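Here's the structure, in structure tokens; my notes come after.
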Amino acid sequence: MARKKIREYDSKRLLKQHLRRLCGIELHIRSAQITESTEINELVEREPWLLSEKLVVKPDMLFGKRGKSGLVGLNLDLNQVASFVKDRLGKEVEIGGCKGPVTTFIVEPFVPHSQEFYLSIVSDRLGCNISFSECGGIEIEENWDKVRTVFIPCETSLTSDNCASLIATLPLELKGKIEEFIKAVFILFLDLDFTFLEMNPFTLANGNPYPLDMRGELDDTAAFKNFKKWGDIEFPMPFGRVMSATETFIHGLDEKTSASLKFTVLNPRGRIWTMVAGGGASVIYADTVGDLGYASELGNYAEYSGAPKEDEVLQYARVVIDCATSNPDGRKRALLIGGGIANFTDVAATFNGIIRALREKEAKLKAARMHVYVRRGGPNYQAGLAKMRKLGEEVGIPLEVYGPEATMTGICKQAIECITAAA
């Protein structure tokens, strides 16, 4: 399960659309997005209520505490909303130690209210935790002792008995409406493969539940069966994280293949670079470099898995090598290739793409004083390692090749000893 955050706009869109489909509950949610490309006049044509309602505007950027940070405009007309957005759009803000530009806003009707409730559902390996409080809002953390939680095992429905402890202290006239809403949201949560859903707060508007603030995360590995339900869903980068051109290219490859291709630049001037097969192995390599005291020299995090095609591996390897060899400074560098022991990936086949890239980039590798360390096991690994050894003999690049008899942590140690040794 891969938990991917989605924007508040999409969380509310899914909630409104599918509560109606699944439970016949009509939520009168109205919301609009504003980005740098938004034309206000065109937006008003699509959402005419913007002209007749008092409005709320806030960033929709996957960070919380927007009210406490002075980033929420309340009870505004459309002109005031436009001015609020203009003053902040594209401007850098710092939230929780992360800095980044604000690029997306959500605009909604201003809903006067006197009650604020809290609701969250979080999935884990064995089921879901459902939490509720009648003391929601920006002070929820200070009132966490008033939050009540029930655990619902997998393949189990949420019943009135399960719900009773959540709503035990509510006034009698509210219990039925709130219980119905919690049950319906849980049905939606499972149906759409949410992994996290939080409303803090939701209120009652004209006697009906209305989410004022909402966060959601989806299991993106379930996209194959939910693409029609989710619609045009976006999985934004975490706040403060902006992809480089090379990262964007790899992300595009990843989107088009059934395999997994991941690449993140950590330090463009780093001297230790990785091209590792398997998510678990890639974490081991990165953690080991850090544990040995050389995290500052780690250039990237990279992972390929799921038996990518040779051409996909070739394009992927080109990008990694280009980044690893940029701006040579005369000091040695190390490139770690391989991973653990594959279950079903043909090692020799995936190595073909890497070998082609290494041949193409021979001059760059030599100019950067790159030392290559290969460690791999799995189907057909002997043939793959033999090809790598032959490559090292032909191109004259320092290239050491190991099978599963060598440890991944040991390879990392060798790479560090290489780049720190005297020239």
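In the range 112-127, how many are under 13 Å from LEU174 (Cβ atoms) and either without any contact (Cβ under 8 Å) to a residue 40 or more places away in the chain or open to solvent by 70 Å² or more (accessible area, probe 1.4 Å) (or both)? Qualifying residue count for the region: 2. Of THR169, THR195, THR248, all but one fail to be open to solvent by 30 Å² or more (accessible area, probe 1.4 Å), farther than 18 Å from LYS16 by Cβ and not in a loop (DSSP other than H, G, I, E, B); the exception is THR248.
Among the residues making up the range 241-260, those that are touching an Asp or Glu at 6+ places or on another chain (Cβ under 8 Å) and either free of Cβ contacts under 8 Å to residues at least 24 places away in the same chain or among the small types (Gly, Ala, Ser) (or both) are ALA259, SER260. Condition (residue is of a type in the set (A, V, I, L, M), touching a residue at least 60 places away in the same chain (Cβ under 8 Å), assigned to a helix (DSSP H, G or I) and open to solvent by less than 50 Å² (accessible area, probe 1.4 Å)) applied to the range 317-333: is it met by at least one residue? Yes: one or more hits.
Going by what's in this entry, would GLY278 be described as surrounded by fewer than 21 Cβ atoms within 10 Å (Cβ to Cβ) and not aliphatic (A, V, I, L, M)? Can you show your working first?
On the way: surrounded by fewer than 21 Cβ atoms within 10 Å (Cβ to Cβ): no; not aliphatic (A, V, I, L, M): yes.
So GLY278 does not fit the description; no.
The set of residues in the range 338-377 being more than 24 Å from THR325 (Cα to Cα) and open to solvent by 20 Å² or more (accessible area, probe 1.4 Å) consists of ILE341, ASN343, PHE344, ASP346, ALA349.
Restricting to the range 128-159, name every residue that is among the polar types (S, T, N, Q), more than 27 Å from the chain's Cα centre (by Cα) and surrounded by 12 or more Cβ atoms within 10 Å (Cβ to Cβ).
From the range 128-159, those among the polar types (S, T, N, Q) are 129, 131, 133, 143, 149, 156-157, 159; that's our starting set.
Imposing the further condition that a residue be more than 27 Å from the chain's Cα centre (by Cα) reduces the set to 133, 143, 156-157, 159.
Selection gives SER133, ASN143.
Please note which strands (runs of 3 or more DSSP E) are completely contained in the range 1-103 and include at least 3 residues that are of a type in the set (A, V, I, L, M).
Details: elements: 3-6, 32-35, 55-59, 73-76, 92-95, 98-101.
The strands (runs of 3 or more DSSP E) meeting that bar are 55-59.
Residue-level check: of (1) touching a Gly at 6+ places or on another chain (Cβ under 8 Å); (2) among the hydrophobic types (A, V, I, L, M, F, W, C); (3) part of a strand (DSSP E or B), ALA281 misses just (3).
Selection of the range 388-413 for residues being assigned to a helix (DSSP H, G or I) and surrounded by 18 or more Cβ atoms within 10 Å (Cβ to Cβ) yields MET388, LEU391, MET408, ILE411, CYS412. What pairs come out if I take residues in the range 58-81 that are farther than 13 Å from ILE106 by Cα and pair them with residues that are part of a loop (DSSP other than H, G, I, E, B) and among the β-branched types (Val, Ile, Thr) whose C-beta lies under 9 Å away, six or more apart or interchain? Correct list of pairs: LYS65/ILE138; GLY67/ILE138; LYS68/ILE138.
Among the listed residues VAL102, VAL81, VAL107, which satisfies the condition of being of a type in the set (Val, Ile, Thr) and more than 21 Å from GLU217 (Cα to Cα)? So that I can check it myself, show each step before the final result.
Values: VAL102 fails: more than 21 Å from GLU217 (Cα to Cα); VAL107 fails: more than 21 Å from GLU217 (Cα to Cα).
Checking each option against the conditions leaves just VAL81.
Checked against (1) in contact with a helix residue (DSSP H, G or I) (Cβ under 6 Å, 6 or more places away or on another chain); (2) of a type in the set (Phe, Trp, Tyr); (3) surrounded by fewer than 18 Cβ atoms within 10 Å (Cβ to Cβ), TRP49 passes all but condition (1).
Annotation: of all residues in the range 1-44 being within 23 Å of the chain's Cα centre (by Cα) and among the polar types (S, T, N, Q), the one that is surrounded by the fewest Cβ atoms within 10 Å (Cβ to Cβ) is THR35.
Condition check ((1) touching a strand residue (DSSP E or B) at 6+ places or on another chain (Cβ under 7 Å); (2) open to solvent by less than 40 Å² (accessible area, probe 1.4 Å); (3) of a type in the set (Phe, Trp, Tyr); (4) farther than 30 Å from THR420 by Cβ) across all residues:
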{"site": "SER244", "(1), (2), (3), (4)": "yes, no, no, no"}
{"site": "LYS256", "(1), (2), (3), (4)": "no, no, no, yes"}
{"site": "LEU261", "(1), (2), (3), (4)": "yes, yes, no, yes"}
{"site": "VAL283", "(1), (2), (3), (4)": "no, no, no, no"}
{"site": "ASP287", "(1), (2), (3), (4)": "no, no, no, no"}
{"site": "ASP291", "(1), (2), (3), (4)": "no, no, no, no"}
{"site": "ASN300", "(1), (2), (3), (4)": "yes, yes, no, no"}
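Going residue by residue through the range 177-187, is there one that turns out to be without any contact (Cβ under 8 Å) to a residue 60 or more places away in the chain, open to solvent by 10 Å² or more (accessible area, probe 1.4 Å) and over 27 Å from ILE233 (Cα atoms)? Yes, the range 177-187 has at least one match.
Could you please find all residues in the range 304-316 being open to solvent by less than 30 Å² (accessible area, probe 1.4 Å) and either of a type outside the set (Ser, Thr, Tyr) or under 13 Å from PHE249 (Cα atoms) (or both)? Passing the criteria: PRO308, VAL313, LEU314, TYR316. Taking the listed residues THR288, THR350, THR345, the one that is at pLDDT below 90 and part of a helix (DSSP H, G or I) is THR350, with no other qualifying. Residues that are more than 17 Å from the chain's Cα centre (by Cα) and in a strand (DSSP E or B) are absent from the range 217-240.
The values are calculated or read from the model by the stated rules, or taken from the named source; none is laboratory data. Just so it is clear, the model here is predicted, and its values are computed rather than measured. Glycine gets a Cβ as well: all are built from the backbone with ideal geometry, and neighbour counts include every protein chain shown. All accessible areas refer to the heavy atoms of the entire protein, side chains included, with ligands and DNA or RNA removed. Shrake-Rupley method; radii C 1.70, N 1.55, O 1.52, S 1.80 Å.
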